[in-house]
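Asks: Structure below; questions to follow.
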Amino acid sequence: MRKCYLHNGTGNSWDGIIMQNVENGTVWNNLIQNNVSLNKWDGIYFDLCHNDTVDNNTCWNNLYNGIYMSLSDNNTLSNNTCNYNNYAGISLEASSNNTINWNNCSLNLDDGINMFWKCYMNHVYQNVVMNNTDYGCQISTSCAGNQIYDNTFIGNNGAGTVFSPLKDQGFDNNGPVNSWSVGGWGNYWGDWTTPDAVPLGGDGIVDSPYLLDPGGAVDGFPRTAWTVIPEPGIIFLALSMMAVCLLIIRKKRLG
C-alpha cells in the first residue's frame, strides 16, 4: 500500500490501515489523518503480521495509537511520524524481533513508544521522542532482551532541563533484562546532560547513569548531545516549554 490518504475512518474496523496475518508486506508513504471524533482505534493496526515494512507514514490525531502492533514479529517501522495521538505514538504488545528506528513519536497523550506484555528482542534506536504526556519510552510486564539506544528523549512526562525522579522520561519494571545502551552508546535525555568530566574535553557520555522508573533499569551511557536531530518545529516547542518551566521556577524562588 503506497501514497494513500486515509482519514475519518469509520465502520466496523475504525482503523486507518489494518493488517492481519500479513507477511512480507509494505506500507509506505501514506498519510493517515484520522478525526478524533469519528475514529475509534489506531492509525495502523498490525495483528499476527511478520516480516513487513512500515515506512514513511504520517499517523496523527488518532483516538488510540498512531501504530499498534500485536502478536507480530520481525517487522520494520522506519521514518514514520506518529504525533498527536490520544494514546501512544507506537505501541507493541506480545511482539518480538521488530526494528523501530528513525520515527518521530512526539506530542502524544500517552507514551511516545511503549511495549507491553511479552515483547522480546526489539531494537528501538535513532528515534525522536519529545513532549509526550507520559513516558518517552515505557517497557512493562514480562518484556526482556529489548535494546533502546541512540534515541533523543526531550520533555516527556513533564521533564524539564533538570532531572526530577517525579518526571522520569523512561519506565522499565523488568529490572536489568533490557538494554538501554549498546556498545557504550546510550540515549540523549534532555534532563540529564552533565557532568562530562573526562579529560580532554569529555567523551560525550554523562558521567552518571540515567535512572529509569520504577528502579532497577538504567541507561549506563547517557549522551550529552543528541545524535538524531528533531524537526525544527518540535525543537522550538521543546525549547519554549523549557523556557516556561524555568520562568515558573524563577518566580517561585523570588516569592
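Asks: Once phi is turned into ³J(HN,Hα) by the Karplus curve 6.51 cos²θ - 1.76 cosθ + 1.60 with θ = phi - 60°, what whole-Hz value does each residue of the stretch 164-171 show in order, with x for glycine and proline?
Replies: 9, x, 8, 10, 5, 8, x, 9
Asks: Something else now. Whole angstrom only: what separates the Cα centroid of the stretch 83-97 from the Cα centroid of the stretch 160-176?
Replies: 19
Asks: Tell me, 54, 182, 198, 128 in order of fewest to most beta-carbon neighbours within 10 Å?
Replies: The order, fewest Cβ neighbours first, is 198, 182, 128, 54.
Asks: Still on this structure, I have one more. For a quick check of your reading of the filter: which chymotrypsin sites (Phe, Trp or Tyr not before Pro) in the stretch 85-164 sit in a DSSP loop and have no more than 14 other Cβ atoms within 10 Å? Intermediate results must be reported in sequence, preceding the final value.
Replies: Numbers: sites: 87, 102, 116, 117, 120, 125, 135, 149, 153, 163; in loops: 87, 102, 117, 135, 163.
Here the chymotrypsin sites (Phe, Trp or Tyr not before Pro) that fit, given the DSSP loop and packing criteria, are 117.
No lab work stands behind these numbers, since they all come straight from the coordinates. Remember, predicted model here, so these are calculated numbers, not experimental data. Virtual Cβ from ideal backbone geometry, glycine too; neighbours counted across all protein chains shown.
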